[in-house]
1. Rounded to a whole number, what % of the accessible area of the chain do carbon and sulfur atoms account for, probe 1.4 Å?
2. Taking a ≥ b ≥ c as the square roots of the Cα gyration tensor eigenvalues, with a/c under 1.5 meaning rounded and otherwise prolate when a/b beats b/c, else oblate, which class fits the stretch 85-163?
3. With the other protein chains left in place, how much accessible area per residue, in square angstrom, belongs to the stretch 7-266 at a 1.4 angstrom probe?
4. So, in nm, how far is label Glu192 from label Arg99 when the simple model puts each one 7 Å beyond its Cα toward the Cβ?
5. Please work out the Cα center distance from the stretch 1-73 to the stretch 142-165, rounded to the nearest Å.
6. Rank by packing, highest mean first: peptides 115-127, 85-97, with packing defined as the count of other Cβ atoms within 10 Å averaged across residues.
7. Lys90 to Ala160: extension gain in nm, 0.36 nm per residue of separation minus the Cα-Cα distance?
8. In nm, to one decimal, how far is the modelled label at Thr225 from the one at Met42, with both set 7 Å along Cα→Cβ?
Amino acid sequence: MSDEQFILYERDGSVAVITLDRVDARNAQHPPFLAQLDEAFMRGAQDEEVRVIVLKANGPHFSSGHDIRYRGERGFDMNNGVAGMYAWEKENYLGMSRRWRDIPKPTLAAVHGKCIAGGLMLCWPCDLIIASEDALFSDPVARMGIAGVEFHAHTWELGARKAKEFLFTGQFIDAREAHRLGMVNRVVAREELESHTLELAHEIAQMDPFALYMSKQAVNRTLDTQGQWTAMEAVFDMHHLGHSHSRLVNEGDAISGMTVESMKKAG
Ligand code: ZN
């Protein structure tokens, strides 16, 4: 693998700013992208000067999802049953999203443009989501025969009924609807997204770090007590039942690459 940088990391006072920067692929997530993103989140988590972490994206879209064209680089044999893929996704998809969700500092995602499938696994683990008016969210993975992406936050983020519609149709919900449903904290103009998010991050950074940590943990533990993590682990297994089904029926699943291509055409 090359030393190309797909993730930028900067410090703005007590705020760490992580930027998705694989613009030519619309921030599709291949193994080096995810490894660098995880490294950046951990760097922000461990830096004692950092009190709040912001995640944002360069380019016209936040993220087109997982880049499954890079299967070969995941280091497992696709012909060796489900074992290798299951273990890889458990660590690199479900595991990373869970790790970011539990960083003991507030995390804010600034989302613009399209945020598709695996893209949700970058913003959902963050504590707050600020969306610009042009933001669009979807999880069209049912078209691959699979019950949504690896990190099943859908039911909590959208509510049960809307989560079903979201999964059944694969259609986009826009920033206003995401806000109405409680998935997004604030909707701002596209040109104000970065400044608004940074301003809020700096405001939060004034609070006592331990109080922020405990406040975050209070909500996350409540979700876990409600069964969120147990459900996510169970749905992850169902997700792999879907992968197996898809491979048997279609000899492979290939929506992510298609999504990147169609998004490139759309700009
Ligand atoms: Zn998967």
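1. Ligands and nucleic acids excluded, carbon and sulfur give 52 percent.
2. Working: a/c = 1.67, a/b = 1.08, b/c = 1.55.
Oblate, since a/c reaches 1.5 and b/c is not below a/b.
3. Solvent-accessible surface per residue comes out at 44 Å².
4. Between Glu192 and Arg99, the simple spin-label model gives 3.6 nm.
5. Measuring centre to centre over Cα atoms gives 24 Å.
6. 115-127, 85-97
7. This chain segment gains 22.8 nm when fully extended.
8. 3.1 nm
The values are calculated or read from the model by the stated rules, or taken from the named source; none is laboratory data. Just so you know, these numbers come straight off a predicted model, no measurement behind them. As a convention, Cβ positions derive from the backbone with ideal geometry for all residues, glycine included, and neighbour counts pool all protein chains shown. What goes into the accessible areas is simple: the full protein's heavy atoms, side chains included, and nothing from ligands, DNA or RNA. Shrake-Rupley method; radii C 1.70, N 1.55, O 1.52, S 1.80 Å.
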